[in-house]
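This report refers to the structure that appears directly beneath it.
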Amino acid sequence: MGKIQYEGRDIYYTLKRLRIKNLYIYIKNGEVIVKAPLKLSSEDINNFLIKKSKWVYEKLNESKVKKEEEEKIENKDIERLKKIVEENIYKYAKILGRSPKKVRIRDLKYAWGSCSSNQNISINLKLATKDDMAIEYVVLHEMCHLIHMNHSKSFWNLVEKNMPKYKEYKKLLA
C-alpha cells in the first residue's frame with residue numbers, strides 16, 4: 001500500500017507490478033489501484049501519482065458520491081420498483097401483443113431504461129426513488145421499442161395511444 005497527498009489529504013493506493021509497458025491508475029469500489037511495469041522505479045511511480053493526484057482525488061469523490069446515492073435506495077423502494085415493473089410489463093405485453101425475452105433492473109449509467117435488439121429490457125435501479133407513473137412511463141417506453149426500435153413518429157404515437165399523458169409523467173424523471 002502506498003500513499004500520496006492532495007491538498008493535505010492522504011490518498012492511499014494499492015500497487016500491482018505486472019509485465020506491462022505502461023502505468024495505469026484506476027478507481028474500483030472507492031479504492032485506488034495502480035498497475036505499474038515491473039522495471040519502473042518507485043520514484044517514477046510516485047512522481048506520476050503526484051502529477052495525477054488532482055484527478056485521483058476527483059475520481060475518488062465521484063465514486064464516494066455514487067456509492068452514497070446507491071445506498072440511499074432502500075430495499076423497500078427496490079421491491080416497490082420490481083413490483084411496478086413486473087405489473088406493467090405484464091399489462092403492456094397483453095395490450096401490445098409483445099413480451100420481452102428478459103427484464104432486468106440494473107444500475108444503468110446512461111438512461112432510465114433500454115431495450116436491446118434481442119428484445120431484452122433493462123430498467124434503471126434509480127427509478128426506485130421515482131413516482132409510480134414515471135416508472136410506468138419508462139416501462140411502456142421500452143415495451144414500445146419491442147415494436148419500433150427507434151424514436152420515430154410511429155413509436156411516439158404508440159406511446160401516446162397507450163398513455164395519453166406520457167409527457168406529464170416523463171417530466172417526473174427530471
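The values are calculated or read from the model by the stated rules, or taken from the named source; none is laboratory data. What you are looking at is a predicted structure, and each value in this text was computed from that prediction instead of being measured. Glycine also receives a Cβ, built like all others from the backbone with ideal geometry; neighbour counts cover every protein chain displayed.
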Scanning the range 68-102 residue by residue, the ones that are surrounded by 12 or more Cβ atoms within 10 Å (Cβ to Cβ) and modelled with pLDDT under 95 total 4
In the range 103-116, anything out of contact with any helix residue (DSSP H, G or I) (no Cβ under 8 Å at 6 or more places or on another chain), of a type in the set (D, E, K, R) and farther than 12 Å from Glu142 by Cβ is listed as Lys109
Give just the number: which of (1) exposed (fewer than 13 other Cβ atoms within 10 Å of the Cβ); (2) under 13 Å from Arg104 (Cα atoms) does Asn120 not satisfy?
(1)
What's the total number of residues in the range 14-31 that are surrounded by 14 or more Cβ atoms within 10 Å (Cβ to Cβ) and at pLDDT below 95?
1
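Name the one entry in Lys28, Lys35 that is free of Cβ contacts under 8 Å to residues at least 24 places away in the same chain, farther than 30 Å from His145 by Cβ, basic (Lys, Arg) and touching a strand residue (DSSP E or B) at 6+ places or on another chain (Cβ under 6 Å).
Numbers: Lys28 fails: touching a strand residue (DSSP E or B) at 6+ places or on another chain (Cβ under 6 Å).
On inspection, the qualifying residue turns out to be Lys35.
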Condition test on Arg9, is it over 26 Å from the mean Cα position of the chain (by Cα) and either loosely packed, with under 11 Cβ neighbours inside 10 Å or of a type in the set (Phe, Trp, Tyr) (or both)?
yes
In the set Leu38, Leu60, which member is surrounded by 12 or more Cβ atoms within 10 Å (Cβ to Cβ) and either more than 15 Å from the chain's Cα centre (by Cα) or closer than 23 Å to Leu18 by Cα (or both)?
Leu60
